[in-house]
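Peer 1: This is the structure, below, for whatever I ask next.
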Amino acid sequence: MKISSSDFQIHRLALGNQLRQELQPDRLVPTLTAGLITGVLLVIYAISMAALIFTGPLAEFIPVGIGLSLFTAIVTAVVVALTNSMPGIVTMPQDSLAIILAIMAGAIATQLSAADPALLPTVIMGLAIASGSVGIVCFLIGSFKLGNLIRFIPYPVVGGFLAGTGYLLAQGAFNVMTDQFFDLANLPALLAPAIAVRWLPGCAIGLALVLLLRRYNSVFIRPVVK
């Protein structure tokens with residue numbers, strides 16, 4: 001396909017006009033504000049997901065996990081922003097997938113010794129294969145426009161998945177705070193001052209956010225929850 005000089009000039013002028021419109025203060029300030037908030041949330045999400053996955057025997061590798069999570073989140077956000085057909089789409093790490101990756105990483109860690117030099121490469125390769133597989137499936141669904149098939153999934157299945165994911169996320173968050181899972185049989189030990197001071201503040205903040213959202217539907221509260 002041959003592009004003439006006149007077509008190039010028209011395209012350049014269109015890009016210039018669009019850029020001038022975007023740089024107007026009434027559009028630039030909201031855009032920068034949204035970008036700043038999104039960037040902060042992206043970093044928080046990435047660090048949280050890394051802490052959720054690299055826990056227990058993998059805790060010593062959490063700096064590597066944070067680096068991988070941040071790199072993946074940034075690259076994904078840039079690629080989607082530049083190639084997505086719908087403007088305004090922002091990508092974030094998904095907690096529902098992160099908890100599944102955490103279970104997989106934990107299973108790998110239990111099969112290998114913590115001193116085994118193959119532990120970290122094996123976990124990273126497992127995460128890469130799982131993430132790549134999900135990406136390929138999502139790409140194929142989008143390419144063949146099969147998104148409507150989601151509506152055929154029974155509601156009990158969706159509800160069970162969401163409930164199970166919520167339970168695993170709660171247990172994962174508790175494990176990140178205390179290095180152990182919540183168990184009613186172990187409640188007296190969890191209420192010991194040395195342990196309670198680790199998880200009570202987090203639970204109190206979570207409960208406060210839930211109550212605030214029930215009373216106020218504010219745009220300043222939802223980013224904190226997310």
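The values are calculated or read from the model by the stated rules, or taken from the named source; none is laboratory data. Everything numeric in this text was worked out from a predicted model, so none of it was measured. Cβ placement follows ideal geometry from the backbone for every residue including glycine, while neighbour counts extend to all protein chains displayed.
Peer 1: With the checklist (1) exposed (fewer than 11 other Cβ atoms within 10 Å of the Cβ); (2) under 18 Å from the mean Cα position of the chain (by Cα); (3) over 30 Å from LEU36 (Cβ atoms); (4) of a type outside the set (Lys, Arg) in hand, flag the one item GLY88 doesn't pass.
Peer 2: It is condition (3) that GLY88 fails.
Peer 1: Kindly establish whether VAL79 is assigned to a helix (DSSP H, G or I), at negative phi, at pLDDT 90 or above and within 20 Å of the chain's Cα centre (by Cα).
Peer 2: Numbers: assigned to a helix (DSSP H, G or I): yes; at negative phi: yes; at pLDDT 90 or above: no; within 20 Å of the chain's Cα centre (by Cα): yes.
So VAL79 fails the test.
Peer 1: Let me confirm something: among ILE66, ILE74, which residue is under 14 Å from GLY39 (Cα atoms), among the hydrophobic types (A, V, I, L, M, F, W, C) and in a helix (DSSP H, G or I)?
Peer 2: Exactly one of ILE66, ILE74 is under 14 Å from GLY39 (Cα atoms), among the hydrophobic types (A, V, I, L, M, F, W, C) and in a helix (DSSP H, G or I), namely ILE74.
Peer 1: Restricting attention to region 63-85, which residues are closer than 19 Å to CYS138 by Cβ and buried (at least 17 other Cβ atoms within 10 Å of the Cβ)?
Peer 2: Selection gives SER69, THR72, ALA73, ALA77.
Peer 1: May I pose another question? Just checking, which of LEU168, LEU146 is surrounded by 14 or more Cβ atoms within 10 Å (Cβ to Cβ), among the aliphatic types (A, V, I, L, M) and more than 30 Å from THR31 (Cβ to Cβ)? Show your work before the answer.
Peer 2: Working: LEU146 fails: surrounded by 14 or more Cβ atoms within 10 Å (Cβ to Cβ).
Only one candidate qualifies: LEU168.
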